[in-house]
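Notes for the one structure printed next.
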Amino acid sequence: MSVRREIGAPDKTLVDTDIHQELRSGNWFVPATDVYETPENIVLIMDMPGVCFDCAQVNIIDDELVVTGHVGHGEDQDDYVLYREYDVGHYHRHFGLPATIDRNGIEASMADGVLTVVMPKIEEIRPRRIPVKMASG
Amino acid sequence: MTNIQRQGPQGWSGAWDQRAWREVEPAPQIKRSTSPGSRRETRVFPSIIISAATDRLIVRAEVPGMNLDQLEISVSGGILTIQGIRQTGEDLVGGWYHRRERESGGFSRAVQLPADVDGEQAEASYEAGVLTVTLPLREAVRPKQVPIRVAQG
């Protein structure tokens, strides 16, 4: 990756707010997400600028990982907006959860508007080294 | 949006549920207003909001996950410059990405401010991935109350 490359703004795709009960009021966006896999874990990282560390929720509902982030008030009340390039809004996204994830071991943390969810794989499918024993005789 | 990069060793994903990390779609609750793949290629980063109060301008920018050592803000001649480097990729050893959507790299943005500000008194804060730069207006451009005198007679 070339340092100093111009990068683009996060894609704030609007979430349709008509159907989901929880999503009825306010602006909702799909957060940009990275998902990577290591031998032990699957890690999900989401950009949620404006969401404080205790304003994000991670739920497992019907084998889906459901992530919701609420933003507080975007602008101070006495501010008058002169120029606007982005909308302030909440975040919501679902992902299908594979059967190979240990549901009880999932941990989430939030820092600087970035949510990290670490999902350990179940023990049975983690890579392991099988010791080679010297055969006797 | 769905630029899934399968960089891992072939067959690894075969051990996994192929439905995993496909986004749940079409989800009954969520629709996209734009179809995947319709991302605009030429976008500015970071996006900003400029607002005004009686004695200051406020510039906000969404820059989640920044290392503050890599973020630089300066004011000169009525131009605010925000530049930095945002690193999002992990250097995975023995791992691989299913999905990479978070932008990574260097950025630089210069904004002509719409009023005369005192750059010496500018302050910046960073909270929950949102950068807020507060720029006090110079006395000369602050709003002034015009007294109304009652005409005699």
| request: Enter the mean number of other protein chain beta carbons within 10 Å of the beta carbon of each residue in B:71-84, as an integer. | output: 0
| Charge dipole magnitude, Cβ of K and R +1, D and E -1 - segment B:43-139, Cα centre, debye nearest 20 | 460 debye
| query | What is the packing order of peptides A:97-109, A:42-54, B:78-90, taking the mean over residues of other C-beta atoms within 10 Å and listing the highest first? | reply | A:42-54, B:78-90, A:97-109
| FRET efficiency, 1/(1 + (r/R0)^6) with R0 45 Å, evaluated for B:Leu68 and A:Asn104 via beta carbons | 0.80
| said: Give the average, rounded to an integer, of partner chain Cβ atoms located within 10 angstrom of each Cβ in B:88-98. | reply: 5
| remark: Per residue of A:85-96, other chain Cβ atoms within 10 Å number on average 4
| query | Using only the Cα atoms, what convex hull volume per residue in Å³ does segment A:42-114 have? | reply | 102 Å³
| task | Rank-order B:125-133, B:112-120, A:85-93 by packing density, defined as the average count of other C-beta atoms within 10 Å over each peptide's residues, highest first. | result | A:85-93, B:125-133, B:112-120
| What ranking, highest mean first, results for peptides B:91-100, A:27-36, B:48-57 when packing means the other Cβ atoms within 10 Å averaged over each residue? | A:27-36, B:48-57, B:91-100
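No lab work stands behind these numbers, since they all come straight from the coordinates. Predicted model, so just to flag it, every value in this text is computed and none were measured. In this analysis, Cβ positions are derived from the backbone assuming ideal geometry, glycine residues included, and neighbour counts consider all displayed protein chains.
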